[in-house]
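Every read-out reported here was derived from the displayed coordinates using simple, explicitly stated rules and does not represent laboratory data. Just so it is clear, the structure is predicted and the values come from calculations on it, not from any experiment. Ideal geometry is used to build each Cβ from the backbone, glycine not excepted, and the neighbour counts take in all protein chains shown.
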Amino acid sequence: MLDLLITNGFVYIGDKFYPQNIGIKEGRIAYLGLDKPEAKEIYDINNKKVIPGLIDPHVHFELNCGTITSVDDFYYGSKSAAYGGVTTIIDFLDPTRNAAELEKSFYERKKLAEKCNVDYHFHACIREPDGDLKEYVLKMKELGMNTIKLFTTYSETHRRTYDKDIKKLLRLSKRYHFLVLAHIENDEMINRDENLTYKDLAEARSSEAETSEALKLCKYAAQTGGNLYMVHCSSGRTLDEIVKKYKSHLGKNIFIESCPQYFFFNKDILQTEQGYLYTFAPPLRSEEERKLLISNFKYLSAIGTDHCSFNFEDKQCHTKLKGMPLGVGGIESSYVLMNEMFGDEVIAKMSTNIAKIEDFSLKTGIKIGNYADLVVVSYAPNSIGKPHGRANYSIYENMKVSLKVESTLVRGRFVLKDGEFIEGKGELIDADKQVIL
């Protein structure tokens with residue numbers, strides 16, 4: 001007997017919606033079809049749509065920024081995720097220099113994440129490596145991860161990884177099957193003048209700094225055959241240049257992620273009275289670049305949010321750019337917003353694509369045997385309100401959308417049912433183990 005049968009829905013399978021019933025047993029999808037096998041519980045969704053559970057590959061919960069910590073911890077950030085249809089989040093370990101530091105960082109972060117309401121995973125994060133890189137990679141794999149994040153900037157806070165080690169990591173990524181995640185900004189082109197205000201952010205961290213660094217790393221990936229994933233691409237010019245020069249590598253060994261904020265706003269908003277609320281790195285770009293990003297949407301592999309939320313007061317109290325917490329929330333509204341702009345084309349970039357890239361074989365869509373990570377959505381024109389986490393504002397508030405997330409299931413258990421939150425118990429998800437040569 002099934003544990004749960006979801007009936008009378010239109011289910012997203014492959015790239016289309018089909019009338020299907022979904023049977024769930026022991027957290028996995030056990031039946032797909034038009035029959036109604038016996039189940040302990042029946043959930044009639046009355047012709048609503050069902051999409052795969054969304055995966056946010058880029059969040060920062062409880063991020064310690066030195067003088068302040070992002071306000072959404074793993075409990076409240078994942079509660080907000082549930083309202084957005086996100087069933088799996090991928091956070092980042094604190095940056096480490098060697099394998100011993102990496103292991104310590106992993107267990108510290110894992111402890112914080114145990115209160116997560118949805119499933120979770122981590123990216124390893126490296127800085128100024130001083131140990132053996134192969135040892136670092138093997139320790140990462142042992143801990144269940146297949147991704148290493150690095151920064152090409154932030155030398156002032158000792159987070160930068162330099163080209164020599166980037167090339168080594170790319171070569172290792174080909175041999176040991178993992179992804180090198182890169183924050184792409186040219187460190188030498190960042191303006192760190194302490195007198196700059198939030199209105200200067202777009203010029204202080206220019207799009208040229210992003211584009212030049214992205215093209216350099218793409219060249220390294222092409223030369224080494226390594227696996228490169230560039231996070232939060234902010235400029236359509238960056239993406240356009242990559243498409244022109246490295247199109248044959250996209251989706252094979254070069255993957256590009258962007259975030260909703262870069263599609264819905266441009267840098268002009270930084271000049272307004274409350275422009276400080278829109279501060280994050282990399283920053284917003286010109287309207288021309290925003291439109292270019294939209295026109296090249298099909299070349300993106302993934303949409304993440306870079307969710308790093310702060311309260312209104314946390315931003316407002318800084319008159320200078322130095323010391324201002326950079327980051328915004330967005331996990332709760334990302335899917336309905338991106339659907340508004342791109343329709344069903346966005347679903348794979350927020351679910352199955354990411355599962356395949358990250359090697360989560362049981363989260364690759366609505367298939368028999370996969371985890372029952374499911375989202376029920378309805379056509380319900382509404383406005384985005386305040387988030388359900390700890391942040392007291394959202395840059396997306398009052399924006400009009402056409403869809404509403406009604407229910408979210410993680411491994412067959414409701415964390416949101418008919419708009420009501422139900423506390424969940426997320427699990428740490430390991431990436432698939434790969435043969436080490």
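Once you sort the root eigenvalues of the Cα gyration tensor of region 10-92 as a ≥ b ≥ c, which label holds: rounded (a/c under 1.5), prolate (a/b larger than b/c) or oblate (the other case)?
prolate
For each pair in Lys315/Lys400; Lys110/Lys134; Lys168/Lys267, compute the distance between the two Cα atoms and list the pairs where it is over 32 Å.
Lys168/Lys267, as the Cα separations exceed 32 Å there.
Straight-line reach from Lys349: which aspartates and glutamates have a Cα under 19 Å away, not including same-chain ones fewer than 8 places off?
Asp15, Asp56, Asp91, Asp119, Asp240, Glu257, Asp306, Glu332, Glu340, Glu358, Asp359, Asp373
Give me the percent relative contact order of region 301-341, please, defined on Cα pairs under 8 angstrom at least 6 residues apart.
47 percent
Determine one quarter of the surface area of the Cα convex hull of region 215-301, which equals its mean projected area, and express it in nm² to one decimal.
Quarter of the Cα hull surface area: 5.5 nm².
Can you give me the orientation-averaged projected area of the convex hull built on the Cα atoms of region 52-363, in nm²?
14.3 nm²
Might you report the magnitude of the Cβ-based charge dipole of the chain about its Cα centre, with Lys and Arg at +1 and Asp and Glu at -1, to the nearest 20 debye?
The calculation lands at about 1080 debye.
What base-10 log of the normalised intensity I(q)/I(0) is obtained for region 55-190 from the Debye formula, alpha carbons as equal point scatterers, at q = 0.12, 0.14 Å⁻¹?
-0.48, -0.65
First obtain the Kirkwood hydrodynamic radius of region 102-154 from its Cα pairs, then insert it into the Stokes-Einstein equation at 37 °C and 0.692 mPa s, and state the resulting D in µm² per second as a whole number.
269 µm²/s
Determine the relative contact order of region 1-129: mean sequence separation of Cα pairs under 8 Å and six or more apart, normalised by residue count, in whole percent.
The value is 20 percent.
Peptides 207-214, 83-90: what's the order by average Cβ count within 10 Å, highest mean first?
83-90, 207-214
So what J values fall out for region 263-276 if you push phi through Karplus, 6.51 cos²θ - 1.76 cosθ + 1.60 with θ = phi - 60°, rounded to Hz, Gly and Pro as x?
8, 10, 9, 10, 5, 4, 5, 5, 8, 7, 4, 10, x, 4
For region 204-351, what are Rg and Dmax over the alpha carbons, in angstrom?
15.7, 47
Measuring from centroid to centroid over Cα atoms, what is the spacing of region 111-127 and region 298-312 in Å?
Cα centroid to Cα centroid, the span is 16 Å.
What is the chain's relative contact order, in percent, from Cα pairs under 8 angstrom and six or more apart in sequence?
That works out to 21 percent.
Can you give the helix-only mean residue ellipticity at 222 nm for the chain, where every DSSP H stretch with n ≥ 4 adds -39500 (n - 2.57) and the sum goes over all residues, rounded to the nearest 500 deg cm²/dmol?
Computed ellipticity for the chain at 222 nm equals -8000 deg cm²/dmol.
Of the listed peptides 344-356, 64-76, what is their order by residue-averaged count of other C-beta atoms within 10 Å, with the highest listed first?
Highest mean packing first, the order is 344-356, 64-76.
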